[in-house]
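Novice: Shown below is the structure under consideration.
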Amino acid sequence: MLTVALQGLLFMVLLAFGAWVLSLRNDDVSIVDSVWPLLILAGSATYALASLQTGPRAIVMVTLVALWAVRLATHITWRHWGKPEDRRYQAIRARNEPHFRWKSLVLVFVLQAMLAWLVSWSVLAAVVNPRPWHWLDWAGVCVVVVGALFEAAADWQLARFKSNAAHKGQVMDTGLWRYSRHPNYFGEFCVWWGFYAIALSPQNWWAVASPALMTVLLFKVSGVALQEKDIADRRPGYREYIARTNAFFPGRRRPSQEDVST
């Protein structure tokens, strides 16, 4: 299994290297966001091919990863198209000049390949999982599908909201965003815990590192914590939105201060 895992890592690093070369053209490393889900897809396909697994679990797993990855990569590419480098990467660039364009190979692209590899461990575990297909696999598939649809719906709702110039600077608090401040991240959370359910077996206990790492990333690194770092200063009304709406897990809205006082 280690050989298969390392083959997946090698393919991911090579793909990340190709993305880095493309980023040099415009000095914009934001392309890594679009490539990241494709890194996981590349690793997943490599696991299945290198291990010669053609059973139903391997086929279902790679298919689910492909649907998730292509949708997310397309959405991120469309969202960033024609825009300057994401401000997250502008900040990283400013901290690492001079010669950031060369440093970014390791600081951004290889790092993202390593994270994608660690996150993909549940896919590897599912592909080589020897247990017969049973109810836990069906449960995992259902969680993945619901999570992916939830994430896609949240992304679509937010994109539609932002496309209206009248909403510039306003807070999206309708649709799924009425019940969670980050419903897209909640959907992503479900996807990866669903993948883990498909991978689950006594000998694959280590695969829990995959959804656990994704959970940490969503809560503490590139997800909720990063998105809300200074958004209340940039968007009037966001503090009220925080007071009324769950950060992550969807739930009923809490009454506002005005509602309480009346």
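We did not get these values from a lab; they are worked out from the coordinates using the rules stated. Here the structure is a predicted model, which is why all the values come from computation and not from measurement. Glycine also receives a Cβ, built like all others from the backbone with ideal geometry; neighbour counts cover every protein chain displayed.
Novice: How far is helix 2-26 tilted off the main Cα axis of the chain, in degrees rounded to 10, range 0 to 90?
Specialist: For 2-26 against the chain, the angle is about 50 degrees.
Novice: Could you tell me which of V108, A197, Y47 has its Cα farthest along the dipole of the chain towards the positive end, charges placed at Cβ (Lys, Arg +1; Asp, Glu -1), taken about the Cα centre?
Specialist: V108
Novice: Assuming R0 = 45 Å, what is the FRET efficiency of T3 and R254, from their Cβ-Cβ distance, to the nearest 0.05?
Specialist: 0.30
Novice: Ok, one more. Which shape class, rounded, prolate or oblate, goes with region 81-165 when its Cα gyration tensor gives a ≥ b ≥ c as root eigenvalues, a/c under 1.5 marks rounded, and past that a/b bigger than b/c marks prolate?
Specialist: oblate
Novice: Let me ask something else. Over the Cα atoms of region 145-241, how large are the radius of gyration and the largest Cα-Cα distance (Dmax), in Å?
Specialist: 15.9, 54
Novice: Below 8 Å between Cα atoms, with a sequence gap of 6+, how large is the relative contact order for the chain in percent?
Specialist: 20 percent
Novice: Another question, if that's okay. Need one word for region 1-128: rounded, prolate or oblate. Basis is the Cα gyration tensor (sqrt eigenvalues a ≥ b ≥ c); a/c below 1.5 gives rounded, then a/b vs b/c decides. List each step's numbers first, then the result.
Specialist: Working: a/c = 3.02, a/b = 1.84, b/c = 1.64.
The shape class here is prolate.
Novice: Nearest 10 degrees is fine. How inclined is helix 183-199 to the longest principal axis of the chain, computing both from alpha carbons?
Specialist: 20 degrees
Novice: Using the Kirkwood radius over Cα pairs, work out the Stokes-Einstein diffusion coefficient for region 63-216 at 4 °C and 1.567 mPa s, in µm²/s as a whole number.
Specialist: Answer, rounded: 73 µm²/s.
Novice: Cut-off 17 Å, label point 7 angstrom out along Cα-to-Cβ of V106: give me the residues of region 17-56 whose amide nitrogen falls inside.
Specialist: 17, 20-21, by backbone N distance to the label point.
Novice: Run the numbers for L118 and R95: contour at 0.36 nm per residue of separation, minus the present Cα-Cα distance, in nm.
Specialist: The L118-R95 span can extend by a further 5.7 nm.
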